[in-house]
Structures are given as structure tokens and as C-alpha cells.
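Asks: One structure coming up, written as C-alpha cells, with questions to follow.
The values are calculated or read from the model by the stated rules, or taken from the named source; none is laboratory data. Fair warning: this is a prediction, and the values are worked out from it, not measured in the lab. Note that each Cβ is placed from the backbone with ideal geometry, even for glycine, and that neighbours are counted across all protein chains shown. We work out accessible area using only protein heavy atoms, side chains counted, and drop any ligands, DNA or RNA first. Shrake-Rupley method; radii C 1.70, N 1.55, O 1.52, S 1.80 Å.
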Amino acid sequence: MAFKMTFRWYGENDKVTLDDIRQIPCVQGVVSAIYDVPVGEVWPEENIARLKKLANDKGLTFEVVESVPVHEDIKLGNANAARLIENYKENVRRLGKAGVKCICYNFMPVFDWLRSNLAKELPDGSNALAYDHETVLKMNPLTSELSLPGWDASYTREGLKELLEQYKDIDDEKLWENMTVFLKEVIPVAEESGIKMAIHPDDPPWGIFGLPRVIIDEKNLKRFLSIVDSPSNGITLCTGSLGVNPMNNLVSMIKTCKGRMPFVHLRNIKITGDHCFEESGHLSEKGSLDMYDIIKALYDGGFDGYVRPDHGRMIWGETGRAGYGLYDRALGAMYLQGIIEAVEKNAEKK
């Protein structure tokens with residue numbers, strides 16, 4: 001049983017370097033992906049090999065990919081879906097051949113996360129990602145100039161409107177249906193390739209702009225895991241994504257998903273109102289989640305997989321990719337490792 005501490009790295013263009021990451025004492029490996037290949041296309045084997053070599057040359061493993069994006073046509077279940085699923089399966093095979101053990105992905109329509117503010121100033125002078133539901137509700141992407149973090153980087157406004165129109169006939173049940181087609185094709189390939197697929201929860205875990213959201217609560221996690229009953233069909237337990245809904249009991253979810261969580265994103269959030277939150281430091285007392293209870297539940301359930309600190313604040317004057325600076329995530333990694341050590345040693349003494 002082990003917690004394998006990892007760190008998200010966005011490749012050679014990331015301001016956070018592998019030399020930075022290797023100096024965080026508890027970090028064993030990086031979580032990365034191929035970022036210069038269009039979504040839906042096959043990743044060249046030489047690109048995968050290069051990424052692995054870059055990590056290994058710095059003494060770091062490359063065993064977790066985040067992510068292999070699922071093309072919108074697969075989520076929509078249209079005429080292009082079958083071809084794109086075949087491409088996805090080939091990517092799984094190639095990553096397994098390269099020694100990857102876990103693939104994190106999501107099935108969120110249009111965007112894979114949404115915030116209303118990328119740099120909300122917190123009382124200590126740091127800034128963090130935040131979400132205000134009223135701000136989001138005041139915007140209509142079909143009739144106005146939508147400008148929200150998480151959207152504009154991926155789509156032109158006209159392209160976004162067109163894509164949202166395509167989702168008009170896709171409700172939750174239709175999305176479940178399309179996801180089931182995907183899973184029944186991909187999971188057997190993952191099994192053969194020695195890879196555990198780990199779906200990321202919807203972020204935030206509630207409906208926005210009429211789009212379907214299904215990986216949102218314990219009931220739906222159970223449903224998801226039952227679609228293909230295999231260790232290769234698992235969950236990325238993201239405490240920050242699921243934890244913003246106070247009705248979600250993370251300790252209960254950990255018990256429900258026992259043996260089916262190859263990857264865990266450990267981060268704290270502070271609930272600031274109904275459907276409103278900000279991303280605090282990882283420390284339990286700074287947010288709404290008890291990180292000790294979460295890690296102890298993982299340990300008690302025999303967790304054996306990969307963990308990483310997730311979104312961090314920008315502190316000490318650092319600038320860069322929102323949520324993915326070096327300093328606060330490094331603090332988070334060490335804080336989480338301290339809890340892990342305490343939980344493990346307390347258990348040994350009993």
C-alpha cells in the first residue's frame with residue numbers, strides 16, 4: 001500500500017521546470033500529456049518516448065497521463081465518434097507500451113472546468129481561482145459575448161455557440177449512453193495495456209448553461225463504476241471538484257470507490273455561498289475540507305495509487321498558469337506528505 005506523490009507538469013513550455021519539481025522532496029513522478037497534437041488524433045510514439053525520457057533523466061517517473069482528451073464528437077455520439085474512439089484506443093495502447101499505468105480523463109461537455117475569476121485576491125494577499133454562480137448565471141453564451149475562464153482559450157465565441165447548439169438534444173441520459181459506448185470500447189483495451197482509466201469529476205459538479213453533468217455525486221459514481229465492472233474502469237477522486245457541493249461526503253465516496261481510485265487530486269476549497277467557492281491553500285483550517293480525514297479514509301481503505309496536490313494559489317509574487325504555479329503546490333505536496341506520514345505511523349503504533 002502506498003501513496004505515490006506526483007506533480008502536474010505541462011511539458012517543456014511550462015514555467016515550472018523538471019528541475020524545480022525534482023527538488024520537492026516527496027515528489028516521485030510527473031503527471032503530463034502530449035499537448036501539441038489536436039484532440040482526437042493519435043499521439044506519435046516518439047513524442048511519448050521523449051516525454052518519458054525527459055522525466056526519467058531527472059529521476060522522475062512518468063506513469064500518469066492527464067489527460068487524453070475525449071473529443072466532443074464522442075460525447076455527442078455523432079457520426080465521427082467511432083473513428084475517434086479507435087484513435088483513443090490506439091493512444092491507450094501506445095501509452096501502455098511506454099509504461100504509463102493510469103490515464104486521467106473527463107467526459108464534461110464543452111469545457112473541462114469553469115471559474116468566474118482566475119485571480120481572486122484572498123485576505124493574505126495571495127490570489128486564487130474562484131467561482132461565483134450569480135456571475136455565471138448572468139451570462140448567456142448563445143446571445144451574448146461570453147467571457148469566462150476555461151472557455152475562451154479553447155473556442156472562438158462563434159465556435160462555442162455552435163457547439164452548444166449541438167448539445168441541445170443531449171440530456172444526462174443521452175450523455176450516459178454515449179459514455180457507455182466509449183467505456184465498453186476503451187476499457188478492454190486498457191485492461192490489455194495494463195492501464196487504469198480514471199475519470200475526473202465534473203468541475204463544478206452541477207449544471208451550467210443547460211449542459212449535462214453526470215460525474216457529480218456518490219450515486220452517479222456508483223452508476224459509472226457499474227457500467228464496466230473492471231479495475232481498469234476507475235475514478236480520479238478530485239476532492240476540490242466534488243467537495244464544493246456540501247452534500248457530497250468525500251469519506252463516504254472513498255469507501256464507495258474502494259479499489260477503483262487509481263488517482264487522487266488532493267486539494268482544499270472554501271465554500272463561500274450557495275454554489276460559490278474559492279480555492280484555498282491545502283491546509284485543512286483554510287478551507288471547508290478536512291484533509292486529514294480524507295487521507296485517513298484513503299489509508300484505511302487500502303489505497304495504493306497516485307496522488308498529487310492540485311490547484312494552488314499564486315503566492316510570493318509568482319505569475320504563470322492560473323492554479324499551476326510552483327510555490328503553493330510545492331507547499332501543498334509537503335503538507336499532504338506530512339499527513340500521509342502521520343496517518344501511516346499512527347496506524348503502525350496501534
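Asks: Quick one: in segment 183-195, which of the residues that are of a type in the set (Gly, Ala, Ser) and within 21 Å of the chain's Cα centre (by Cα) is surrounded by the most Cβ atoms within 10 Å (Cβ to Cβ)? Don't jump to the end; show me each part of the working.
Replies: Restricting attention to segment 183-195, the residues satisfying the condition of being of a type in the set (Gly, Ala, Ser) are 190, 193-194.
In the following step, the residues that additionally are within 21 Å of the chain's Cα centre (by Cα) were identified as 190, 194.
On the way: Ala190: 25, Gly194: 13.
If we take residues in segment 183-195 being of a type in the set (Gly, Ala, Ser) and within 21 Å of the chain's Cα centre (by Cα), then Ala190 is surrounded by the most Cβ atoms within 10 Å (Cβ to Cβ).
Asks: May I pose another question? Return the residue satisfying two criteria in turn: it lies in segment 87-115 and is modelled with pLDDT under 95 and either among the charged types (D, E, K, R) or in contact with a Cys (Cβ under 9 Å, 6 or more places away or on another chain) (or both), and of such residues it is surrounded by the most Cβ atoms within 10 Å (Cβ to Cβ). Working first, answer last.
Replies: Step one: of segment 87-115, the residues modelled with pLDDT under 95 are 108-115.
Next, only the ones that are either among the charged types (D, E, K, R) or in contact with a Cys (Cβ under 9 Å, 6 or more places away or on another chain) (or both) stay: 112, 115.
Details: Asp112: 17, Arg115: 25.
Taking the candidates together, the pick is Arg115.
Asks: Quick check on Met139: is it hydrophobic (A, V, I, L, M, F, W, C), at pLDDT below 95 and surrounded by 19 or more Cβ atoms within 10 Å (Cβ to Cβ)?
Replies: Working: hydrophobic (A, V, I, L, M, F, W, C): yes; at pLDDT below 95: yes; surrounded by 19 or more Cβ atoms within 10 Å (Cβ to Cβ): no.
Judged against the criteria, Met139 is not a match.
Asks: For segment 215-233, give me each residue that is assigned to a loop (DSSP other than H, G, I, E, B), open to solvent by 40 Å² or more (accessible area, probe 1.4 Å) and more than 12 Å from Met197 (Cβ to Cβ). Even if it seems obvious, please write down each step before you answer.
Replies: Taking segment 215-233 as the starting set, the residues that turn out to be assigned to a loop (DSSP other than H, G, I, E, B) are 215-217, 228-232.
Checking the rest, the ones that are also open to solvent by 40 Å² or more (accessible area, probe 1.4 Å) come to 217, 229, 231.
Result: Asp217, Asp229.
Asks: Please enumerate the residues belonging to segment 292-313 that are closer than 19 Å to Ile269 by Cβ, touching a Phe, Trp or Tyr at 6+ places or on another chain (Cβ under 8 Å) and not β-branched (Val, Ile, Thr).
Replies: Leu298, Arg308, Pro309, His311, Gly312
Asks: Another question about this same structure. Regarding Val186, is this residue at pLDDT 95 or above, assigned to a helix (DSSP H, G or I), among the hydrophobic types (A, V, I, L, M, F, W, C) and within 29 Å of Asn87 (Cα to Cα)? So that I can check it myself, show each step before the final result.
Replies: Numbers: at pLDDT 95 or above: yes; assigned to a helix (DSSP H, G or I): yes; among the hydrophobic types (A, V, I, L, M, F, W, C): yes; within 29 Å of Asn87 (Cα to Cα): yes.
It is true that Val186 is at pLDDT 95 or above, assigned to a helix (DSSP H, G or I), among the hydrophobic types (A, V, I, L, M, F, W, C) and within 29 Å of Asn87 (Cα to Cα).
Asks: Restricting to segment 196-207, name every residue that is open to solvent by 10 Å² or more (accessible area, probe 1.4 Å) and over 21 Å from Val64 (Cα atoms).
Replies: So the first thing to find is which residues in segment 196-207 are open to solvent by 10 Å² or more (accessible area, probe 1.4 Å), and the list is 196, 200, 206-207.
Of everything in segment 196-207, those that are open to solvent by 10 Å² or more (accessible area, probe 1.4 Å) and over 21 Å from Val64 (Cα atoms) turn out to be Trp206, Gly207.
Asks: Quick check, is Leu326 under 30 Å from Asn13 (Cα atoms), of a type outside the set (Phe, Trp, Tyr) and open to solvent by 20 Å² or more (accessible area, probe 1.4 Å)? Spell out the reasoning first.
Replies: Details: under 30 Å from Asn13 (Cα atoms): yes; of a type outside the set (Phe, Trp, Tyr): yes; open to solvent by 20 Å² or more (accessible area, probe 1.4 Å): yes.
Here the answer is yes, as Leu326 does meet what is asked.
Asks: If you don't mind, there's one more thing I want to ask. Against the conditions (1) part of a helix (DSSP H, G or I); (2) within 19 Å of the chain's Cα centre (by Cα), where does Phe62 fall short? Just the number, please.
Replies: Going through the list (1) part of a helix (DSSP H, G or I); (2) within 19 Å of the chain's Cα centre (by Cα), Phe62 breaks only (1).
Asks: Does segment 267-322 hold any residues that are open to solvent by 30 Å² or more (accessible area, probe 1.4 Å), in contact (Cβ under 8 Å) with a residue 60 or more places away in the chain and assigned to a helix (DSSP H, G or I), and which are they?
Replies: Tyr299
Asks: Same structure, new question: Is there a residue in segment 169-182 that is under 22 Å from Asp73 (Cβ atoms), in contact (Cβ under 8 Å) with a residue 24 or more places away in the chain and under 18 Å from the mean Cα position of the chain (by Cα)? Quick ask: steps written out before the conclusion?
Replies: From segment 169-182, those under 22 Å from Asp73 (Cβ atoms) are 169-182; that's our starting set.
Filter once more, keeping what is in contact (Cβ under 8 Å) with a residue 24 or more places away in the chain: 170-172, 174-182.
Subsequent filtering for residues that are under 18 Å from the mean Cα position of the chain (by Cα) retains 179.
Looking for residues that are under 22 Å from Asp73 (Cβ atoms), in contact (Cβ under 8 Å) with a residue 24 or more places away in the chain and under 18 Å from the mean Cα position of the chain (by Cα), one finds at least one in segment 169-182, hence yes.
Asks: Among the residues of segment 93-141, how many are under 20 Å from Glu185 (Cβ atoms) and in contact (Cβ under 8 Å) with a residue 60 or more places away in the chain? Please lay out each step first, then the result.
Replies: Taking segment 93-141 first, the residues under 20 Å from Glu185 (Cβ atoms) are 93-97, 100, 102-109.
Still in the list and also in contact (Cβ under 8 Å) with a residue 60 or more places away in the chain: 93, 95-97, 100, 102-109.
Residues meeting the conditions: 13.
Asks: Further question on the same structure: If we keep just the residues of segment 5-55 that are in a loop (DSSP other than H, G, I, E, B), buried (at least 16 other Cβ atoms within 10 Å of the Cβ) and of a type in the set (A, V, I, L, M), which is nearest to the chain's Cα centre (by Cα)?
Replies: Within segment 5-55, the match that is nearest to the chain's Cα centre (by Cα) is Ala33.
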